[in-house]
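What follows is calculated from the coordinates using simple rules that are stated; it is not laboratory data. All figures in this text were calculated on a predicted structure; none of them were measured in a lab. Please note: Cβ atoms are built from the backbone with ideal geometry, for glycine as well, and neighbour counts cover all protein chains shown.
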Amino acid sequence: MLEINSLTVNFGKFTALDKVTLDVNPGEVLAIIGPNGAGKSTLIRAASGVIPSRSGSICIGGQDMKGLSTSERARYLAVVPQARSLPPAFTVYQTILLGRTPYLGWLGQTKAQDHFLAQQSLERVELGKLAERRVSELSGGEQQRVLLARALAQGAEVLLLDEPTTHLDLHYQALLLNLIRRLVSENNLSVMMALHDLNLAGLYADRVALLVGGKIQASGSAKEVLTEKNLAGVYNMPVHVIPHPEYGTPLILPDGHGMTVSH
Amino acid sequence: MKIGFRNHPFLVNLSLLAAALLLSAAAGPVFIPPGAVSRILADQLPGIALQQDWPQAFETILLRIRLPHTALMALAGAALASSGAAYQGVFRNPLADPYLIGVASGAGLGAVIAMSIRWPAEWRGLYPIPLAAFIGAVLTIALVYSIARVGQTLPTTTLILAGVAVSSFATSLTSFLMFRSTSELRRAIGWMLGSSVLTGWEPFLAALPYAVIGMGALVISGHALNVLQYGEEQAQQLGLSAERAKALILVAASLTTATAVAFTGIIGFVGLIVPHFVRILWGGDYRRLLPLSILGGAWFLLMADLLARTLLAPQVLPVGIVTALAGAPFFLWVLRSAKGQAFW
């Protein structure tokens with residue numbers, strides 16, 4: 001399980017994260033939501049150890065990430081970045097195999113086990129047929145799944161995703177998030193993902209944390225966090241929250257101040 | 001589409017290198033037929049003694065003049081192409097050539113300063129020169145890197161502009177040293193411009209250990225360079241100590257460049273042209289790109305040198321003129337198409 005305790009990150013005098021405390025249990029998806037510039041990406045980056053924190057701790061399964069080497073940390077925690085400007089020269093399989101880097105030496109000599117796990121990850125994201133294709137020939141949704149497979153190949157118990165659905169259309173958004181849910185339950189992963197889309201957060205996350213100005217303003221189930229009161233204040237506009245017709249999860253509708261088209 | 005040469009990159013490049021070595025050894029004011037070159041070489045091998053059916057002059061010219069020059073040129077080409085590939089990988093910038101980013105000029109300045117302090121009296125005195133060039137190269141790369149960096153990114157154009165500025169500065173310092181030079185330093189300048197002040201095997205032997213260390217370190221860094229293609233943050237998240245890897249590769253690339261510059265002067269564009277064609281033909285996997293650039297760079301510079309020696313024979317053009325004639329238009333082509341190239 002992932003435990004983030006009182007994590008504080010400063011950029012010069014600017015406090016980007018202010019005593020953020022969160023935990024994610026195995027088999028659970030936590031969505032980080034919040035307005036632009038709230039610190040969602042900073043939280044993902046700080047949790048993965050690529051930017052230094054001023055104070056606080058990050059523990060996985062009781063192991064403090066502080067003091068671990070870069071490769072040791074990458075065995076506990078894998079990150080799925082946004083699929084943009086990927087090096088196009090590598091094939092899908094080569095890209096996924098690079099997920100085994102934390103277990104390889106400087107030369108990158110791979111063993112049978114590494115190929116087995118890369119192949120397994122490839123099939124888990126249902127890209128088996130595209131293994132030898134160059135990443136640049138793939139659609140945005142497929143590229144995002146390649147990065148998910150690369151993270152799975154790392155064999156980490158914690159997965160961090162930075163707005164994985166941002167550049168995807170409706171079909172690929174649903175495809176990716178369904179896939180993530182299935183992987184979480186099959187492999188007992190702890191997943192923390194920054195999400196822009198509040199409705200997707202409501203549909204796919206077990207718990208939601210609302211990050212505003214670097215602070216956690218609310219956290220809990222989607223129903224507890226995605227309320228008209230919470231969101232109106234944060235996004236600085238009135239919103240309506242209605243239950244999803246099938247699942248009852250909160251759906252957020254913007255209020256157009258009466259300026260919208262009427263039928 | 002299965003084309004034979006696409007499937008056998010090492011065989012193709014080794015064959016081309018063998019052909020280039022043979023041609024380079026054969027061509028010159030005195031033409032030595034490739035058949036004679038092969039037999040003289042075979043005769044040198046232990047345990048083989050051939051009936052001598054070639055003039056003694058051939059043997060002297062080949063072993064004392066042609067082959068040392070050929071070997072040095074092949075080594076310089078390999079060094080420039082492989083360090084170019086490595087710079088491109090670390091900076092994730094298709095235009096990072098040792099000449100264009102100023103490292104070559106910095107190395108040249110270092111070498112000239114070393115030679116101006118004390119011109120080597122004997123061939124062992126050659127060993128410190130690559131080290132001085134190496135210091136010049138590392139200082140240059142640090143300077144260019146810090147100037148060109150904009151926040152967390154290193155835009156293609158600012159890297160080249162910073163390279164040009166630093167390169168001009170280093171070149172003018174070199175010229176300044178030349179103007180107030182003693183006769184000994186004039187020899188150094190001539191050497192830097194590629195004229196053969198020193199002949200024989202000494203320059204090659206002095207360059208070899210540095211080149212082996214530098215290129216060896218680059219060849220084993222292919223996997224790290226592959227991971228670095230995703231950017232520093234992703235590389236770290238994938239478990240690579242990105243800062244350390246980048247520093248190590250930059251030091252190795254600078255040593256490699258410095259070795260070439262210290263003994264063959266400043267030759268541009270080899271590090272741009274060769275890795276690009278390797279990428280287009282055989283893909284961007286650095287574990288293959290680096291060894292293939294070594295082979296490709298060696299035969300490419302040998303062919304350029306052959307042109308330089310034969311175009312206006314008996315006059316010998318500086319080889320840098322030939323590589324620049326081919327390289328500058330190529331540079332413009334890469335600059336125009338640097339965005340959205342599928343093979344990069």
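Within 10 Å of each Cβ in B:237-249, how many Cβ atoms from other chains are there, averaged over the peptide? Mind dumping the intermediate values first?
Values: counts 19, 14, 18, 9, 3, 2, 1, 1, 2, 0, 0, 1, 0.
That works out to 5 on average.
Between A:Glu28 and residues 5 or more places away or on another chain, which pairs have amide H atoms under 5 Å apart, with H built 1.01 Å from N, and which residues are they?
Residues meeting the criterion, in which the H sits 1.01 Å from N, are A:Val191.
Using a simple charge model, +1 on the beta-carbon of Lys and Arg, -1 on the beta-carbon of Asp and Glu, nothing else, what dipole does region A:37-98 show about its Cα centre, in debye to the nearest 20? Spell out each step's value before the answer.
Numbers: 7 positive and 2 negative charges, 36 e Å.
Dipole size: approximately 180 debye.
Give me B:Leu21, A:Leu177 sorted ascending by neighbouring Cβ count inside 10 Å, so fewest comes first. Before the final figure, lay out the partial values.
On the way: B:Leu21 20, A:Leu177 23.
Arranged by neighbour count, lowest to highest, B:Leu21, A:Leu177 become B:Leu21, A:Leu177.
Just to check I understand the Karplus step: with θ = phi - 60° and J = 6.51 cos²θ - 1.76 cosθ + 1.60, what whole-Hz values come out for region B:204-211, glycine and proline as x?
Values, residue by residue: 4, 5, 6, 7, 3, x, 5, 5 Hz.
Could you check which residue among A:Ala218, A:Ala194, A:Ala209 shows the biggest mean-square fluctuation in a GNM of chain A with a 10 Å Cα cutoff?
A:Ala218
Between B:Leu205 and B:Phe277, what is the FRET efficiency for a Förster distance of 30 Å, r being their Cβ-Cβ separation, to the nearest 0.05? Kindly include the intermediate steps, with their values, before the conclusion.
Details: r = 30 Å, r/R0 = 1.01.
Working from the Cβ atoms, E equals 0.50.
Return the distance in nm (one decimal) between the two label points of a simple spin-label model at A:Thr260 and B:Tyr127, each offset 7 Å from Cα along Cα→Cβ.
So the two model labels end up 8.0 nm from each other.
Most fluctuating residue of B:Ala207, B:Ala313, B:Ala27 in a GNM of chain B with Cα springs under 10 Å: which is it?
With Cα springs under 10 Å in chain B, the top fluctuation among B:Ala207, B:Ala313, B:Ala27 is at B:Ala313.
Which whole-number percentage describes the relative contact order of chain B, with Cα contacts under 8 Å and a sequence gap of 6 or more? Write down the numbers at each step before the final one.
On the way: 543 pairs, mean separation 99.7, N = 344.
In percent, rounded to a whole number, it is 29.
Enter the per residue convex hull volume of chain B, computed from alpha-carbon coordinates, in Å³ rounded to the nearest integer.
Each residue corresponds to 153 Å³ of Cα convex hull volume.
With unit charges on the beta carbon (Lys/Arg positive, Asp/Glu negative), name the residue among A:Ser221, B:Leu14, B:Val316 whose Cα is farthest towards the positive pole of the charge dipole of the protein assembly as shown.
The one lying farthest along the dipole's positive direction is B:Val316.
Apply the Karplus parameterisation 6.51 cos²θ - 1.76 cosθ + 1.60, with θ equal to phi minus 60°, to every residue of region B:286-292 and state each ³J(HN,Hα) to the nearest whole Hz, in sequence, with x for glycine and proline.
Calculated HN-Hα couplings, in order: 5, 5, 9, 4, 5, x, 5 Hz.
Looking at region B:217-291, which trypsin sites (Lys or Arg not before Pro) are DSSP coil and have at most 10 other C-beta atoms within 10 Å of their C-beta?
Values: sites: B:Arg244, B:Lys246, B:Arg279, B:Arg287, B:Arg288; in loops: none.
Answer by residue number: there is no such site.
Starting at the first residue of region A:234-247, write each ³J(HN,Hα) from the Karplus equation 6.51 cos²θ - 1.76 cosθ + 1.60 with θ = phi - 60°, in whole Hz, x for Gly and Pro.
6, 8, 6, 7, x, 10, 10, 10, 10, x, 4, x, 9, 9
What residues qualify as long-range amide H neighbours of A:Arg54, i.e. H under 5 Å apart, gap of 5 or more or another chain, H built at 1.01 Å from N?
A:Thr8, A:Val9, A:Asn10
How many percent of DSSP beta bridges within chain A run antiparallel, rounded to 5? Display every interim value, and only then the final one.
Details: 25 of 43 bridges.
The answer is about 60 percent antiparallel.
Looking at chain B as a GNM with Cα springs under 10 Å, which of B:Ala132, B:Ala86, B:Ala142 has the largest mean-square fluctuation?
Residue with maximal mean-square fluctuation among B:Ala132, B:Ala86, B:Ala142: B:Ala142.
Expressed as a rounded percentage, what relative contact order does chain A have, with Cα pairs under 8 Å and six or more residues apart?
Values: 502 pairs, mean separation 65.9, N = 263.
This gives 25 percent for chain A.
For A:Asn5 and B:Ile117, what does the FRET efficiency come to when R0 = 56 Å and r is the distance between their Cβ atoms, rounded to the nearest 0.05? Could the numbers behind the result be given before it?
Numbers: r = 59 Å, r/R0 = 1.05.
So, using R0 = 56 Å, E works out to roughly 0.45.
With just the Cα atoms defining each centre, how far is region B:222-294 from region A:13-85? Give it in Å.
Rounded to whole Å, the Cα centres lie 31 Å apart.
Counting only other chains, what is the mean number of Cβ atoms within 10 angstrom of the Cβ of each residue in peptide B:227-236? Don't skip to the answer; put the middle values down first.
Numbers: counts 5, 1, 7, 9, 4, 1, 7, 8, 5, 10.
What the average comes to for B:227-236 is 6.
How far apart, in nm, are two points set 7 Å out from the Cα along the Cα-to-Cβ line at A:Glu123 and at B:Leu173?
About 6.0 nm separates the two model spin labels.
Kindly count the pairs of lysines across the protein assembly as shown whose alpha carbons are less than 27 Å apart, treating pairs on different chains or eight or more residues apart as eligible.
Count of close lysine pairs: 20.
Dipole magnitude of the protein assembly as shown about its Cα centre, charges +1 at Lys/Arg Cβ and -1 at Asp/Glu Cβ only, in debye to the nearest 20? Before the final figure, lay out the partial values.
Numbers: 43 positive and 35 negative charges, 214 e Å.
Dipole about the Cα centre, nearest 20: 1020 debye.
Scan chain A and report its longest stretch carrying no GluC sites (Glu not before Pro) that are both in a DSSP loop and have at most 13 other Cβ atoms within 10 Å.
Numbers: sites that count: A:Glu126, A:Glu132, A:Glu246.
Result for the longest clean stretch: A:1-125.
What FRET efficiency do you get for B:Ala326 and A:Gln109 if R0 is 41 Å and r is their Cβ-Cβ distance, rounded to the nearest 0.05? Present the calculation step by step, with values, prior to reporting the outcome.
On the way: r = 37 Å, r/R0 = 0.91.
About 0.65, to the nearest 0.05.
If you average the alpha carbon positions of region A:197-263 and of region A:92-123, how far apart do those two centres end up, in angstrom?
40
Compute the long axis of helix B:34-44 from its Cα atoms, compare it with the longest principal axis of the Cα atoms of chain B, and write down the angle in degrees, 0 to 90, nearest 10.
Between the helix axis and the principal axis of chain B, the angle is about 90 degrees.
Among B:Ser38, B:Met73, B:Val166, pick out the residue whose Cα is farthest towards the positive end of the charge dipole of region B:38-179, where Lys and Arg carry +1 and Asp and Glu carry -1 on C-beta, about the Cα centre.
B:Val166
Across the residues of A:134-142, average count of Cβ atoms on other protein chains within 10 Å?
On the way: counts 4, 0, 5, 1, 0, 0, 0, 0, 0.
Mean inter-chain Cβ contacts per residue within 10 Å come to 1.
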